[in-house]
Amino acid sequence: MRIIYFGTPEIASSQLEAIISAGYEVAAVVTVPDKPAGRGKKLQSSAVKQTALKYNLPLMQPVSLKSPDFIEELSSYHADLFIVVAFRMLPEVVWSMPPKGTFNLHASLLPQYRGAAPINHAIINGEKETGLTTFLLEKEIDTGEIIMQEKVVIEDNETAGTLHDKLMLLGNKVVVETIKMIEEGNVHSQSQDFIIKKENMQLKPAPKIFKEDCKIDWTKDAVSIYNFIRGLSPYPAAHTKFVSDNDDALDIKIFEVSLKENNSMDNQLYKLDTDGKSYLDVILKDYRISIKTIQQAGKKAMPIADFLRGTRLEGNWKVI
């Protein structure tokens, strides 16, 4: 069975490696064009491209997925199956091409968390479990019939980064098992609409997250803030501003926090409480958000003790 693989980032590269290791024939790979990155604006290739080059696989990097030249080249490989992991939305002329269809790997238990950022939103919403879904592509994004699913537990201290890595490893197994099911004609797919109606499901979306979505709202309850920071760590990262009575201000990203009860007599909401050496807490109504890993604008991320050694928070400071 000849496969064409579509993908871009590290998580997609891992699944490509798994497909090759399982002995399946990858006829070609499709990924994004190289993009300038870093201060030197040097062209940088995707993780999937690097894997394709490692195995000397034919490679396509179309600017337009509707380009007649790209469509012609794609069809020339006479592939049986297309697989999509962390890639752009495909036009129907592409996903309808192979005789055995096109399936996508999505990092949630569909139909929940359709969209570009399912890992982040599951943690932000305080979910206790999530998983992976393979499904057949259709016109509407993330709505096709489900082939298989695997669940994973979201730990209390899980971050988007640790959950990403957990799902990446599980994805290797899920993608290969899905290929095997399709190859053996053993697919019994389920309609997402049927699942939604059967379970009277209220859908939670997972739209793309932009910088303006990452500002911490300190008026929310402590658990929601804790989940928000975990769900955006390490990328794109929750951010806030420290301000003093003297109108000094620091732009801050926060990567790791813990919750502790506020047993002190100091109940000034949103105030920063610190010994200047080892701890930095944000005072909320019933709890404190204890900051563990932090990044000041223009500097590297660091443990809170290192931050306090280099930054003196003299006077009264609060978060906004």
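Coordinate-derived values only; no laboratory data. All values reported here derive from a predicted model rather than from experimental measurement. Neighbour counts are summed over all protein chains in view; Cβ atoms, including those assigned to glycine, are modelled from backbone coordinates with ideal geometry.
Observations on the structure shown:
- Sorting the Cα pairs of region 1-113 by distance into bins of 5 Å, from 0 upward, gives 2, 11, 22, 24, 20, 11, 6, 2, 0 percent per bin.
- Dividing the mean sequence gap of close Cα pairs (under 8 Å, 6+ apart) by how many residues region 1-136 holds gives a relative contact order of 24 percent.
- Here's the picture: charge each Lys and Arg Cβ at +1 and each Asp and Glu Cβ at -1 in the chain, and of Gly38, Ala86, Ile4 the one pushed furthest to the positive end of that dipole is Gly38.
- Rounded to the nearest 20 debye, dipole of region 157-208 from Cβ charges on Lys, Arg, Asp, Glu: 200 debye
- Placing one equal scatterer on every Cα of region 270-320 and applying the Debye formula, the log10 ratio I(q)/I(0) at q = 0.16, 0.20, 0.23, 0.29 Å⁻¹ is -0.44, -0.68, -0.88, -1.26.
- Given their separation in residues at 0.36 nm each and the Cα-Cα distance between them, Asp275 and Lys139 gain 43.3 nm when the chain is fully extended.
- FRET E, pair Ser64, Gln268, Förster distance 56 Å, beta-carbon r, rounded to 0.05: 0.50
- If you model region 60-214 as an ellipsoid using its alpha carbon gyration tensor, with each semi-axis the square root of five times an eigenvalue, the axes come out at 27, 19, 15 Å, biggest first.
- Candidate values (1) 20.6; (2) 21.9; (3) 19.2 were compared with Kirkwood radius over Cα pairs in Å computed on the shown model; the agreeing label is (2).
- Alpha carbon centroid spacing (whole Å) that separates region 5-24 from region 120-178: 16 Å
- Evaluated at q = 0.08, 0.10, 0.17 Å⁻¹, a Debye calculation over the C-alpha positions of region 175-320 (equal weights, vacuum) places log10 I(q)/I(0) at -0.35, -0.48, -0.93.
- Once exposed loop chymotrypsin sites (Phe, Trp or Tyr not before Pro) are cut out (DSSP; at most 13 other Cβ, 10 Å), longest piece of the chain: 56-209
- Each Cα pair under 8 Å and six or more residues apart adds its separation to the average, and for the chain the resulting relative contact order is 13 percent.
- FRET efficiency, 1/(1 + (r/R0)^6) with R0 30 Å, evaluated for Lys300 and Ser244 via beta carbons: 0.85
- FRET efficiency for Lys220 and Arg39, using Cβ-Cβ distance with R0 set to 41 Å, rounded to 0.05: 0.65
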